[in-house]
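Data first, discussion second: the structure below is written as structure tokens.
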Amino acid sequence: MQPPTGGEKPPSTYHGRPLTYVSSIPQPTPQPAFASLPVPGPPFATSNAPGQISGPQFRPPFSSSQPVPGGTTAVPPPPPPQAPFAAGQPVPGSSPFAPVGPTSGAAATTSPPIRFNGPSLVGPTPAPTYQQPEVPRFSSPSKPVTPLQSSFIRGPPQPPIQSVPMAQPPTQIGSQLGMRSNMPPPMASASSLAQQHVQGFTNVNQQRSMYQPPPPPPPGQMQFPNVGTAVAPHGQMQFPHSGATMTAPPQVQFPSMGPQVGPPIGSTGAIHSLVEEFQSLSVGAAPGSIDSGVDVKTLPRPLQGDEEPTRVLESYPLNCHPRYFRLTTHALPNSQSLHARWHLPLGAVVHPLAESPNGEEVPVINFGNAGVIRCRRCRTYINPYVTFADSGRKWRCNLCQLLNDVPAEYFSALDASGRRYDADQRPELNKGTVDFLAPAEYMVRPPMPPCYFFLIDVSLASVQCGLLEVVAKTIKSCLDQLPGSPRTQIGFITFDSTLHFHNLKSSLTQPQMMVVPDLDDVFLPLPDDLLVNLSDSRNVVDSFLDSLPTMFQENPNVESATGPALKAAYMVMSQIGGKLLLFQSNLPSIGIGRLRLRGDDVRAYGTDKEHILRVPEDPFYKQMAAEFTKNQISVDIFAFSNKYCDIASLGTLSKYTGGQVYFYPSFHASTHGEKLQYELARNLTRETAWEAVMRIRCGKGVRFSTYHGHFMLRSTDLLALPAVDCDKAFSMQLNLEDTLMTTQTVYFQVALLYTSSSGERRIRVHTAAAPVVPDLGEMYRQADTGAIISLLSRMAVETTLSSKLEDARQMLQLKLVKSFKEYRNLYAVQHRLSGRLIFPDSLKYLPLYILSLCKSWALRGGYADVSLDERCAAGYTMMVLPIASTLRLLYPALYRMDEVLTKPSEKENIDELLMQVPLTVQCLDSRGLYLLNNGLSFILWLGRMISPDLINVILGGNLANFPDLSKVQLNENGSEVSKKLTKVLKTLRQKNPSCHQLVHIIRQGEQPREGFLLLSNLAEDQSAGAASYVDWVLQIHRQTQG
């Protein structure tokens, strides 16, 4: 059958099957801080219930209103009251571990890794009200106490526990620690402790000068006063709800590490006497007091966001930038026994296509006739860490140490130091990140043109919410910016209870729509004209997009044949591959892949069947994802339903194809259209790597065992990525293959083979090196909190797919407690700091980030806290976020804006004007205007007593004129205040261009919006059954004491 042209009448049947022709163009009061209670039972209990983590067990970290079946344990009667933190006398039952020294041997037992690769936007959820009720902060002695529920007693009076300064590091420690490098330094004398005010020491090599401590601070600066006892006359913050006045949180001072001198640690010779820097926090109460004894002003807070560990480049200047590759600790253990004592995840976070730092271009290398130079044995690409021998005729691989021949075209003589004369002119020998042009042998087939195929739900729900108009206008506005012009291909299928194929052949004057009602045996009526070259068919595509909003304006169909539509799209795209964008407004209800309304079953929470709600119901979607990946098709999901639409099942398509999930709950074009327009435009116009595969090679003795993110694992270490872009990151866990490492440095190389939008086959290569150390203290000193949290968040999300939410939160707390306990064993006894929570400087934010992760949308609470679709969408989003975006989502930035907008300032830089405040309700002044930024949205909070004039200037009218603030859009109205606010929002959006942050305006006391938009983001307050930051620190201290 010949396809119809512009003037022909299309056939009514196709091989005996019905075919309908439809024209595409239509005709014309704060409570007491702590209660006095007897000491509860032990916070940890062992359980042999299936699915539980073996070894020392936590009680549920979040409170539950009902008993959990299959996992309850009896609580022994409480012992007689005593002081909660007596020095050297831990509270009975408060520690899950026996008081032993540093352990060695097998690693702590953990749950087996679960394969999950998953993303999306987070929507509203119920949360506690602004005025919290007067309820006891701690549970009754008759109830079991969980690790996230603090309980303290009033004991006999004790003197306050003072801050203990550290002594000067000993001058001769190499001989003392030569045989046991993991042993902490000897204890300083009492007189030395009384004279010094140094908080820690810098690790030094034998050849380096010792760290010179800063001058001692004035007397009293090292003290940790009780809450509310320190009031400064300048820089105060008012707490209108508590009536208290508190000084702005001071910066915690940590000793400077100084620049690295000499060779990096582990590169030459033995490692001598690594003395660990650490910080301690007083957690004892004053005599007779009932408060926590923790000064909230001294608690570490990441008010500056993510800090990239660029200090690594001082030791290893040839490494790729940390923006591309970050290890959880930049000091790898030299043995499996040392790895077992680390307790935190050992691994890396890779962001292969991250935007270059400082706007630098990644150099592109073309070897020409020489071909890409690689190691014959391990296939490592040539990099700055290879060495040359035999007068430049050989080069030694830095990963496997094999000598390789240098091609004649690449030969260069060596200088006296063995370095090539042309090393400075060759980026592959002096830069950690390069692009190699790949020759023909790196291609299975010729590079395919970029292809964008749109699968659009046109049922009644899509029409009513205004989805079609926003999508059509956005796509049309982006056609000129689509990558790959003039090779770009484009196509459309619309669907409700039938499939609508659109003929966009360039010879047509207007598009033609072919309706196929047969969903059981899907076929293509016009196989050659459904995917067309955009440049050739531009006029027809424009005509189709102009008519799309009105084409289905009167459509009463409420069904959604998503499964058959996916099969049809696969048939169209299978020969080329590309990107498939699915716009879904309903639960798939007809044809293959239909899903039932299983919803959120409250009876399943707390049982072994809870995780079934968060995994795909129908295997059809995972099978389709495998077929899509095999044919180089990536799937992005745009879900808009205001009812349950089973994101858990639909998201599988993105999870295994390198795609992304965008979720817009209760979508309406007037409110959310701007966000959809921006994010769809960025998805279409950002630079994309097509037909990609990624592999990470490691040096001898280590290997990556488990991978986390959105991809399909083609072999043990090859990640298939039909499409990948600058907004997606991946993480992986690292294992030691050898019992004892023999090398002093381990090298890593990330290789991403991809097709650029211009049709070039390229290889993006990132190379990094890290030292191997025999000292646990050095591992802590080189730890990277951002990489640890990014990896832990993905591990926790994966845990929820096979276990309860409670188990995922327990896993996080267990790792934190074990890690801090191990660190405490290194130093607490020698320095007599039994009344303090001891933590390394590098991990000072880790407790707060883990607490925030437990309160995140993906892990928080249970049935009543977050809807199932929003929870699954948050999990998929967390699986692809880069490190900086993950940390901003967990600990949002809160700014006081009324002073910034109204007071004149000489500072023009917005970053200098904005001062971040802690995420606690006590920092919210009812007379103020606050802006919260979690990376995905902006929340503008209006205090109850805010100036009416400021409201009029910002909103353009009286607050009484806006009965429903959820529908109010913030627009610039010409005033100076409005212009300044618009500039602030624009600046913050430019820092995170991956998504568009809508502004949600809420009033103080406006429930439930205030609860699920603002209060649920205040990570330092008690919410969703989780402890406050102060309580959390005290719990961690109790559990780490041995």
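The values are calculated or read from the model by the stated rules, or taken from the named source; none is laboratory data. Given the structure is predicted, the values throughout are model-derived calculations rather than measurements. For neighbour counting, all protein chains shown are included, and Cβ atoms are generated from backbone atoms with ideal geometry for every residue, glycine included. Side chains included, ligands, DNA and RNA excluded: accessible areas come from the protein's heavy atoms. Shrake-Rupley method; radii C 1.70, N 1.55, O 1.52, S 1.80 Å.
So is Leu889 closer than 24 Å to Glu308 by Cα and either assigned to a helix (DSSP H, G or I) or open to solvent by less than 10 Å² (accessible area, probe 1.4 Å) (or both) or not? Yes; evaluated as a whole, the condition is true for this residue. Within the range 945-968, track down each residue that is of a type in the set (A, V, I, L, M), open to solvent by less than 30 Å² (accessible area, probe 1.4 Å) and assigned to a loop (DSSP other than H, G, I, E, B). Scanning the range 945-968 gives Ile946, Val968. Residues of the range 743-770 that are touching a Gly at 6+ places or on another chain (Cβ under 6 Å) and either closer than 15 Å to Val350 by Cα or open to solvent by less than 10 Å² (accessible area, probe 1.4 Å) (or both): Val746, Tyr747, Ser757, Thr767. Has the range 627-635 got at least one residue that is of a type in the set (Val, Ile, Thr) and either out of contact with any strand residue (DSSP E or B) (no Cβ under 7 Å at 6 or more places or on another chain) or in a strand (DSSP E or B) (or both)? The answer is yes; a qualifying residue exists.
It is to be established whether one or more residues within the range 538-561 are open to solvent by 30 Å² or more (accessible area, probe 1.4 Å), aromatic (Phe, Trp, Tyr) and either touching a Gly at 6+ places or on another chain (Cβ under 9 Å) or modelled with pLDDT of 95 or more (or both). No. Residues that are open to solvent by 10 Å² or more (accessible area, probe 1.4 Å) and touching a helix residue (DSSP H, G or I) at 6+ places or on another chain (Cβ under 8 Å) were ranked within the range 612-621; the one that is nearest to Leu650 (Cα to Cα) is Pro616.
Of the residues making up the range 584-611, those that are farther than 17 Å from Asp496 by Cα, of a type outside the set (D, E, K, R) and open to solvent by 50 Å² or more (accessible area, probe 1.4 Å) are Leu597, Val602.
Residues in the range 636-653 that are within 24 Å of Cys451 (Cα to Cα), of a type in the set (Gly, Ala, Ser) and part of a helix (DSSP H, G or I): Gly651 only.
Being closer than 21 Å to Pro564 by Cβ and either charged (D, E, K, R) or surrounded by fewer than 21 Cβ atoms within 10 Å (Cβ to Cβ) (or both) is a description that applies to Ala626. Of the residues screened, Ala858 is one that is more than 18 Å from Leu303 (Cα to Cα) and out of contact with any strand residue (DSSP E or B) (no Cβ under 9 Å at 6 or more places or on another chain). Per the listing Leu894, Leu929, the residue uniquely more than 25 Å from the chain's Cα centre (by Cα), open to solvent by less than 50 Å² (accessible area, probe 1.4 Å) and over 26 Å from Cys645 (Cβ atoms) is Leu929. Condition (residue is under 25 Å from Thr742 (Cα atoms), open to solvent by 60 Å² or more (accessible area, probe 1.4 Å) and among the hydroxyl-bearing types (Ser, Thr, Tyr)) applied to the range 400-421: is it met by at least one residue? No, the range 400-421 contains no residue that is under 25 Å from Thr742 (Cα atoms), open to solvent by 60 Å² or more (accessible area, probe 1.4 Å) and among the hydroxyl-bearing types (Ser, Thr, Tyr). The residue pairs whose first member lies in the range 998-1020 and is farther than 21 Å from Phe663 by Cα, whose second member is of a type in the set (S, T, N, Q) and in a strand (DSSP E or B), and whose beta carbons are closer than 7 Å, counting only pairs six or more residues apart or on different chains, are Leu1015/Ser1023.
Just to be sure before I move on: is Pro993 open to solvent by 50 Å² or more (accessible area, probe 1.4 Å) and not polar (S, T, N, Q) in the structure I sent? Considered against the rule, which asks whether it is open to solvent by 50 Å² or more (accessible area, probe 1.4 Å) and not polar (S, T, N, Q), Pro993 comes out as no. Open to solvent by 20 Å² or more (accessible area, probe 1.4 Å), in contact with a strand residue (DSSP E or B) (Cβ under 9 Å, 6 or more places away or on another chain) and closer than 25 Å to Thr799 by Cβ: is that true of Arg695 in this structure? Considered against the rule, which asks whether it is open to solvent by 20 Å² or more (accessible area, probe 1.4 Å), in contact with a strand residue (DSSP E or B) (Cβ under 9 Å, 6 or more places away or on another chain) and closer than 25 Å to Thr799 by Cβ, Arg695 comes out as no. When Val283, Val261 are screened for being open to solvent by less than 10 Å² (accessible area, probe 1.4 Å) and either at positive phi or at pLDDT below 95 (or both), only Val283 passes. Candidates in the range 817-845 are the residues that are among the aromatic types (Phe, Trp, Tyr) and modelled with pLDDT of 85 or more; of these, the one that is farthest from the chain's Cα centre (by Cα) is Tyr823. Scanning the range 470-489 for residues that are outside any loop (DSSP other than H, G, I, E, B), open to solvent by 30 Å² or more (accessible area, probe 1.4 Å) and in contact with a Ser or Thr (Cβ under 9 Å, 6 or more places away or on another chain) yields one hit, Gln481. The helices (runs of 4 or more DSSP H) found wholly in the range 762-868 and carrying at least 1 residues that are closer than 23 Å to Met878 by Cβ and out of contact with any Pro (no Cβ under 8 Å at 6 or more places or on another chain) occupy 785-799, 805-831, 846-854. Is it fair to say Gly347 is over 14 Å from Ala770 (Cβ atoms) and either within 29 Å of the chain's Cα centre (by Cα) or open to solvent by less than 40 Å² (accessible area, probe 1.4 Å) (or both)? Taking the combined requirement at face value, the residue does not satisfy it. All of (1) among the hydroxyl-bearing types (Ser, Thr, Tyr); (2) in a strand (DSSP E or B); (3) more than 30 Å from Ser634 (Cα to Cα) hold for Thr743 with one exception: (2).
Can you tell me which residues in the range 602-651 are at pLDDT below 95 and hydroxyl-bearing (Ser, Thr, Tyr)? Listed by number, the residues that qualify are Tyr605, Thr607, Ser641, Tyr644. Taking Asn971 and the conditions (1) open to solvent by 10 Å² or more (accessible area, probe 1.4 Å); (2) in a helix (DSSP H, G or I), which numbered condition does it fall short on, given that it satisfies the others? So the condition that Asn971 fails would be (2).
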